[in-house]
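Take a look at the structure below.
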Amino acid sequence: MQQMLKGANVELAGQGFQDMGPSWAPLRNAITAGTLRPGDRHADRVAESWEKLIKQLCLRLSGETGLNVAPVTRRRRSGAAGHRADVVASLIASGRMGAEVRMPDAAGPVRVEADLRTGQIETTAEVPAAVRARALTRVQSLLRRLADAPQELRVEALTDGRAEGPCDLLKNLRSEPGLLVPGGGEEITSFRLTLPTGMGAKRGTDETGFVRSVDVAVDRFHRQVLQAVGTEMG
């Protein structure tokens, strides 16, 4: 996106979604206590609020950039109800809820995932590797583009046919780029970039609120990571 971030104190557009609702605190408490189980009414209500928050996030980004930013929906047959059921199942299984957002100037969808157990929001995207002969050269090309990215950025090297690959923090890779080179000599085709951001505990849009922290996490990832690497590694 050409001009996305206007500082960390972003505001939600208009009079849109601003509150995760009264089920937010009971759900977080149940996850912390390990008592969340299928059929919990709070999980379903928070999943619905999460869906509204992601839609509001996309509306704000579309308005700020003039681009069509939209949620990615993969379950076409079951629609919103099926997607919400997936969020509820994830909350029960792992205390996490996620969504994917399509940004026209990103190479692929950006995944936004809130981990209510660790209090972190992770934003993730895959970017294509540079067209270079050697794996180390491809890693070094990426690291040059990420010269000003946060040191806590997690970088993973992916090869054809593999869902996972060598992975380390950017702060370590700056001195040892070879940590990302696959041991079997496979060609690196893309990199998975993940940036953690602290999650607000309160349910609303104030400085310590969850809604605001999601906005900040996505804006931070876009400005400090995606804009640095571009849509193509070249």
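What follows is calculated from the coordinates using simple rules that are stated; it is not laboratory data. The structure displayed is predicted, hence computed values, not measured ones. As a convention, Cβ positions derive from the backbone with ideal geometry for all residues, glycine included, and neighbour counts pool all protein chains shown.
Quick notes
- Qualifying positions in segment 201-231 - of a type in the set (Gly, Ala, Ser) and touching a Gly at 6+ places or on another chain (Cβ under 8 Å): Ala201, Gly209, Ser213
- Count of residues meeting criterion [of a type in the set (Ser, Thr, Tyr) and without any contact (Cβ under 8 Å) to a residue 60 or more places away in the chain] in segment 188-234: 1
- Residue that is farthest from Gly230 (Cα to Cα), among those in segment 157-185 that are out of contact with any Leu (no Cβ under 7 Å at 6 or more places or on another chain) and surrounded by 18 or more Cβ atoms within 10 Å (Cβ to Cβ): Thr159
- Those helices (runs of 4 or more DSSP H) of segment 115-234 in which 1 or more residues are within 26 Å of Trp24 (Cβ to Cβ) occupy 210-221.
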